[in-house]
Amino acid sequence: MATGWMRRLRQVTGDGAGPAQRALEAVDAAKRASAAGDRETAKRLGETAVTALRSLVTSGVREAEPGLVRALLHQSEHLRESARHAEAVAAAEEAVALAWADPARPTSLALALATLAGQLLAAGRPADARETGREVLAVSGVQPDEALAQQLSTLASALAGAGEHEVALALSERSAGMWRVLAAGSDRLGRELTGHADRLYAAGRWADAIEFSAEAVAIHRSRAGESPDRLARVLGNYAIMLRRVGREQEALAAAAEAESLAGTPDGPA
């Protein structure tokens with residue numbers, strides 16, 4: 001079913017094979033090409049989509065703006081993958097400017113800002129990335145969204161790696177909260193909780209880190225067909241955290257279980 005903005009766009013530009021529909025199909029094709037490692041095709045298709053949607057917006061078709069935001073963000077990622085960092089930042093900045101103009105779409109704005117923060121960090125601008133990350137956190141009315149949750153998780157990890165632990169932790173917390181809604185009880189939630197536990201541990205919040213790590217262990221242990229090696233890694237992290245606060249017996253038990261699982265053949269897929 002078409003979203004509200006897509007229905008309005010079709011009313012203006014025509015249904016089916018119109019320029020807007022072709023541009024959005026090019027965005028999806030660019031994503032597939034990028035996932036397959038064909039960066040040149042991804043870049044070409046992305047540029048085609050951006051040009052077509054930008055033309056519609058310039059001609060006054062405001063209903064094309066959400067599609068242009070989406071196309072610009074994908075194009076920004078393609079440019080970053082090609083190490084064209086200044087262009088990646090510029091594309092993300094254009095997406096942010098468009099998203100700011102539509103207060104009815106806060107999730108789109110948060111995604112654009114999070115993408116921009118990642119591009120700024122990749123371009124060697126950690127201070128700007130940190131401040132843009134704070135702008136993400138200030139956006140209100142954001143709903144759980146898989147693309148945004150993934151972007152927040154990626155950005156949190158990258159900022160932590162750059163030493164920006166305070167903003168990284170806040171973004172990680174926001175991401176983990178979204179994944180609780182989007183992927184309750186899943187392997188994905190277990191991985192996100194493990195990552196958030198790492199952020200908490202780095203911040204010296206060891207009791208909170210242990211709580212999240214224990215929850216991640218419980219999720220991975222409860223899943224039928226879970227990879228023993230993955231559970232072993234989660235248990236190993238948990239043991240380190242327990243040892244940090246002096247819970248030696250529990251740490252030894254977790255470490256022993258991890259050791260017993262390491263290298264065990266995977267169960268059924």
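A few comments on the model shown:
- Which of Ile240, Ile219 is most accessible, then next, and so on - probe 1.4 Å: Ile240, Ile219
- Trp100 accessible area, assembled protein chains, probe 1.4 Å, Å²: 140
- log10 of Debye I(q)/I(0), alpha-carbon scatterers only, for the stretch 20-102 at 0.13, 0.18 Å⁻¹: -0.35, -0.66
- Separation between Cα centres of the stretch 15-47 and the stretch 60-75, rounded to whole Å: 13
- By accessible area with a 1.4 Å probe, ligands and nucleic acids excluded, highest first: order of Leu113, Leu261: Leu261, Leu113
- Per residue, the chain reaches -25500 deg cm²/dmol at 222 nm when only DSSP H runs of four or more residues are counted, each adding -39500 (n - 2.57).
- Dipole of the stretch 20-130, positive direction: furthest Cα of Ala86, Leu121, Leu56, with charges on the beta-carbon: Leu121
- Cα long-axis angle, helix 65-81 against the chain (0 to 90 degrees, to the nearest 10): 60
- Against the chain, whose longest principal axis is taken from its Cα atoms, helix 146-161 shows a tilt of about 60°.
- Separation between Cα centres of the stretch 79-96 and the stretch 113-174, rounded to whole Å: 16
- Accessible surface of His165 - all protein chains present, 1.4 Å probe, nearest 10 Å²: 90
- Surface composition of the stretch 193-260: carbon and sulfur make up 51 percent of the accessible area, probe 1.4 Å.
The values are calculated or read from the model by the stated rules, or taken from the named source; none is laboratory data. Note that the structure is a prediction, hence the values are computed from the model and not measured. Methodologically, a virtual Cβ is constructed for each residue, glycine included, from the backbone with ideal geometry; neighbour enumeration extends over all protein chains shown. Accessible surface areas use protein heavy atoms only, side chains included; no ligands, DNA or RNA. Shrake-Rupley method; radii C 1.70, N 1.55, O 1.52, S 1.80 Å.
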